1. Once you've got the GNM for the chain with C-alpha springs shorter than 10 Å, pick whichever of 19, 65, 104 has the biggest mean-square fluctuation.
2. Residue by residue through region 36-50, which ³J(HN,Hα) values in whole Hz follow from phi under the Karplus form 6.51 cos²θ - 1.76 cosθ + 1.60 (θ = phi - 60°), with glycine and proline marked x?
3. Mind running the shape call on the chain? Use the C-alpha gyration tensor, a ≥ b ≥ c as the square roots of the eigenvalues: rounded below 1.5 for a/c, prolate if a/b tops b/c, oblate otherwise.
4. Which whole-number percent is the relative contact order of region 13-101 (Cα, under 8 Å, 6+ apart)?
5. Given springs between every Cα pair under 10 Å in a Gaussian network model of the chain, which of 37, 85, 109 has the largest fluctuation?
6. Toward the positive end of the charge dipole of region 29-122, about the Cα centre and with charges on Cβ (Lys, Arg +1; Asp, Glu -1), which of 61, 47, 109 goes farthest?
7. Give the long-range amide H neighbours of residue 33: residues separated by 5 or more places, or on another chain, with amide H under 5 Å away, using H modelled in the peptide plane at 1.01 Å from N.
8. If I model a spin label as a point 7 Å beyond the Cα along the Cα-Cβ vector, how far apart are those points for residue 96 and residue 79 in nm?
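Just so it is clear, none of the values below were taken in a lab; they were calculated from the coordinates. Keep in mind that this is a model prediction, so the values were computed, not measured. Neighbour counts run over all protein chains shown; Cβ positions are idealised from the backbone, glycine included.
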Amino acid sequence: MDAGAGGAARVLPGACLLAHWALLHPRRYAGLVVLTGDYVGTEREEVSFTGDFGGTPSLLARCEADPWVPRTRMAQTEEQLRGMGAHLTSIVEPGAEHEVSATASELTGRLLRHTVSAAGHR
């Protein structure tokens, strides 16, 4: 989520596109939520991103056997986000589907509530 011009929130669809875009454009965001996604590319590609997320509260979540989001790529995405200063919560839930779990939904809600609450105290 990006508090863009005028403080309006923007939500970008597509977890993989969002993860990749955020890694290409790191800065302090109100929050970053990537559910069942990772950055774009193959697992064998060596990719290096640079920049600083400045402690952006972030959530990365997937199901254990998700056929579209390999475990190794999620680990690479997690490593990139942490290395660039994101305050990251990362979860892997049991299951074999490409879906958002109840836990991931709850954690997303908490992150959003915290973000809205923090914005109200500025």
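1. In this elastic network of the chain, the residue with the biggest mean-square fluctuation among 19, 65, 104 is 65.
2. 6, x, 7, 6, 7, x, 8, 4, 7, 5, 8, 10, 10, 10, 10
3. Numbers: a/c = 2.02, a/b = 1.31, b/c = 1.54.
It is oblate, given that a/c is not under 1.5 and a/b is not larger than b/c.
4. Values: 177 pairs, mean separation 28.5, N = 89.
Reported relative contact order: 32 percent.
5. The residue that fluctuates most here is 109.
6. Going by the charge dipole, the pick is 109.
7. For residue 33, the qualifying residues are 59.
8. Each label point lies 7 Å from its Cα, and together they span 2.8 nm.
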